[in-house]
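To start, the structure itself, in structure tokens.
The values are calculated or read from the model by the stated rules, or taken from the named source; none is laboratory data. It should be emphasised that the depicted structure is a prediction, and the values quoted were computed from it without experimental measurement. Heads up, the Cβs are rebuilt from the backbone with ideal geometry, glycines too, and the neighbour counts pull from every protein chain shown. Note: accessible area is taken over every heavy atom of the protein model, side chains too, but ligands, DNA and RNA are not part of it. Shrake-Rupley method; radii C 1.70, N 1.55, O 1.52, S 1.80 Å.
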Amino acid sequence: MYNFEDELTCPICYSIFEDPRVLPCSHTFCRNCLENVLQASGNFYIWRPLRIPLKCPNCRSIIEIAPTGIESLPVNFALRAIIEKYQQEDHPDIVTCPEHYRQPLNVYCLLDKKLVCGHCLTIGQHNGHPIDDLQSAYLKEKDTPQKLLEQLTDTHWTDLTCLIEKLEEQKSHSEKMVQGDKEVVLQYFKELSDTLEQKKKFFLTALCDVGNLINQEYTPHIERIREMRKQQLELMTLTTSLQEESPLKFLEKVDDIRQRVQILKQSPLPEVQCIEIYPRVSQVLKEDWSRTEIGQIKKLIIPEMKISSSMPCSWPGTPVYSVAWGPDSEKVLYTAGKQLIIKPLQPNAKVLQWKAHDGIILKVDWNSVNDLILSAGEDCKYKVWDSYGRLLYNSQPHEHPITSVAWAPDGELFAVGSFHTLRLCDKTGWSYALEKPNTGSIFNIAWSVDGTQIAGACGNGHVVFAHVVEQRWEWKNFQVTLTKRRTMQVRNVLNDAVDLLEFRDRVIKASLNYAHLVVSTSLQCYVFSTKNWNTPLIFDLKEGTVSLILQAERHFLLVDGSGIYLYSYEGRFISSPKFPGMRTDILNVQTVSLSNDTIAIKDKADEKIIFLFEASTGKPLGDGKLLCHESEILEIALDQKGLTNDRKIAFIDKNRDLYITSVKRFGKEEQIIKLGTMVHTLAWSDTCNILCGLQDTRFTVWYYPNTVYVDRDILPKTLYERDASEFSKNPHIVSFVGNQVTIRRADGSLVHISISPYPAILHEYVSSSKWEDAVRLCRFVKEQTMWACLAAMAVANRDMTTAEIAYAAIGEIDKVQYINSIKDLPSKESKMAHILMFSGNIQEAEIVLLQAGLVYQAIQINIDLYNWERALELAVKYKTHVDTVLAYRQKFLETFGKQETNKRYLQYAEGLQVDWEKIKAKIEEEITKERERSSSSQSSKNIGLMH
């Protein structure tokens, strides 16, 4: 049985099994050993109270055992019987000499300090050496191991331990860095390859489009001239054959030849101009691409290829049927046959020209608010363009040529006129309404200044008038419809109740949101509550027609031609923000945003700038510093909930990148962080700070956008994404109310999307500091997205207990361990600093420690991050722990076998002897002082509470 001793040994305690218990994975351990393992690991699974998880020390599999613990595991009776039999037998402890077969080692050699046998003393190498018996030698050498061990000091042991830990840490860190770099390289070159392939396709597509433009430009002229040449050839043939005709036939045909020749002579010939293609691809590649760093390739925009000539290539005498000024009054848009031409007034500026219609263009208009162009022509179509000549909307052919188009002043609507036809359209092109008045062709359309009425000049000698009605506004279960010029109908879809609202003057603008309907007429403003439609609040308006109404939970904003005015829902005037060069006539919902405490306005003069104002005073926010971005900004949106200091603004720039940043600015430069790419439209929820947007072919919801400020690594886990191809091309988010997002397709139809209600409930719990309810909700929902949001929210609100639970639920074990280390810190300042470090805010963490007088801790975090320059700078500045920094630096270099080369470190190291004992004593003293200060501070608070 002696040979089976290893098999009877517990792999944990390396002793013979005592009360052996077998796990479901078939491995056996001592009962007491399993108890110790369970006790050591139980604290990490506090979120699973029903069954106790246990990891097998042998195979590492997770086993769930009953709440009674180890006692519930079965006894290995067979093994216990073998052990009992083994322990009953005698097993003499006999050790034999390795040099002499079966000779027992029973004598101790005093000279060589080792056990020997009788043969070694008589015939072996120990012959003649002084010896002693085993018992005497044992008594003499009994204390020797302890004396030998004392020669190794505690410092030596600590240094070895620290070195091993440091080496293992460095090894692990380096391996992670290498693995991370591998992944970065693979991802980087994949993205680079995809980007280059995409750019190549865009280039080739742009060149194909130019080829089509050239074909459209030249082919009609070539075909017409060929037809003229063919007619001339026919006349030449006819003239030759006419010489053989009789005088009667000759005289009959010669007059026909004379008329046809006269027509050919009078037909004007086009002036052939050399067409220029711009920009040239070779120039773009040489000037832009060849000078661009690889990392900036994504930001390169493929230019739209166009053609132009020094003079428009058209038939002489082509009439210009329509002309329009650009929004900045520095460009003119006019027609030339089938071409549209944008001519800048600056000298030597390039003219932009493109073929816009298949027939002669009869009418154009250019809106100053949305910067969009309308065109209409004899091809019976109307089209919407941007100011670069890109087609945004192309209508279906009508029965008759389109003779007039006109933008409404606010750029939200436009009208289209044709033969017996008047159409009202949204700015994206789809049609709101179609009327068939008996007017003949409508040759011109004019909007009233307030954008509510249309006048049309008709071919039958009359002027037709129209009023924009049947406008609709929706919010939750309420639908409001403008049925007449001075009448609105309110319908509650839950109980089908209907209320009629009558106004003294015609309705100009309206907005329905946050349980209030705000209506502006030509002279007054009406504020209705959805709880009572019978008693509105009414106040007189200032001069000017209201062009925009924006609502927040506490107040609303009116914009007219003379200014911006903020009112409470009780009708009290609050503020009127202003800035130099402000033009209120060109503001819209994309360039103005309102929250409970902030007003944001995009500057039209410099579209890279956003002005931020305090809602209650109208004064610039914070220290008055403007929000500046590197590219032109297209759309802005403020979040609606939360504290003023946490207010965020999201915006989309011209590259269609989505960014988020804080609006509170006091001296320091706030981070502007990218959230997404190719975002076309966005909206914040009205109930919590959840953001949604449309990205190319995806509908994306950022359940907690502030994650980018807390832990950017888990941001992808906080997103909800779904396919957006069902929304067709160019959809737009209309509203985000509760958990319902309303999207309008390009054809005008509305699509309602419901997102999960649980993230909004989680936001509510966190804002009320109901952390236990938040954890309970996440356990109920059982989604990684919810846990990831809770983890970020908990860190942002300094609740590390909840953060530990949430991070554990999403498998971020390294972060759980770091949070545990934070919880063990002695002072609240240290905890705060390490939480800031957790979020990547190293400088803020250092500031917190320095302000609290914890200089050593500030130095230590820089040492831990290998920020040696800053660590030494702090030590020298505060005249403390210079030797500590030098010692750790020296230890770091020795670990990697390097020599000091830093001049500052060499300077301070001269004549300084590193004494680790002294350094450790100083560090221990710092930690003790921090603990004592924390304890005294806590005691003072307790005494204050008692008083």
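Numerical summary
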| item | result |
| --- | --- |
| Contour excess over end-to-end distance, with Cα ends at Thr68 and Lys350 and 0.36 nm allotted per residue | 93.0 nm |
| Potential lengthening between Ile923 and Gln231 on full extension [0.36 nm per residue; Cα-Cα distance subtracted] | 238.6 nm |
| Projected label distance in nm at Ser172 and Lys654, using a 7 Å step from Cα toward the beta-carbon | 4.9 nm |
| Glu399-Ser246 FRET efficiency (beta carbon distance; Förster radius 45 Å; 0.05 resolution) | 0.30 |
| Cβ crowding within 10 Å averaged over residues, with 375-387, 603-615 ranked highest first | 375-387, 603-615 |
| Helix 855-864 vs. the chain, principal-axis angle (Cα, 0 to 90°, nearest 10) | 80 degrees |
| Members of Lys199/Lys608; Lys171/Lys929; Lys608/Lys729; Lys879/Lys922 lying beyond 24 Å, as alpha-carbon distances in this model show | Lys199/Lys608; Lys171/Lys929; Lys608/Lys729 |
| The chain: angle of helix 882-895 to the longest principal axis, Cα-based, in degrees nearest 10 | 90 degrees |
| Accessible surface, per residue, of the stretch 586-677 when the full set of protein chains is kept, probe 1.4 Å, Å² | 37 Å² |
| Under 22 Å from the Cα of Lys531 - lysines, other chains or at least 8 residues apart | Lys476, Lys509 |
| Extreme residue, positive dipole direction of the chain, given options Leu517, Tyr703, Ser662 (C-beta unit charges) | Leu517 |
| Theoretical FRET efficiency, 1/(1+(r/R0)^6), r = Cβ-Cβ of Leu115 and Lys142, R0 22 Å, to 0.05 | 0.90 |
| Crossing angle, helix 916-946 versus the chain [Cα axis fit, 0-90 degrees, rounded to tens] | 70 degrees |
| Residues of type aspartates and glutamates that Lys114 reaches as a straight line, Cα spacing below 12 Å, ignoring anything fewer than 8 places off in the same chain | Asp132, Asp133, Glu141 |
| Segment Glu165-Asp623, extension gain: residue separation times 0.36 nm, minus the distance between their alpha carbons | 160.1 nm |
| Lysines with Cα under 22 Å of Lys343, excluding same-chain neighbours fewer than 8 positions away | Lys306, Lys331, Lys355, Lys363, Lys383, Lys604 |
| Listed values (1) 1.42; (2) 1.13; (3) 1.26, entry calculated as Cα Rg over 2.2 N^0.38 Å | (1) |
| Rounded FRET efficiency, nearest 0.05, which uses the C-beta distance separating Leu149 from Asp181 and R0 of 41 Å | 0.40 |
| Prolate/oblate/rounded call for the stretch 586-677, Cα gyration tensor, a/c under 1.5 rounded | rounded |
| Two-site label geometry, Leu893 and Lys782: point separation in nm, points 7 Å out along Cα→Cβ | 5.8 nm |
| Burial order of peptide ranges 794-801, 335-342 (average beta-carbon count within 10 Å, highest first) | 335-342, 794-801 |
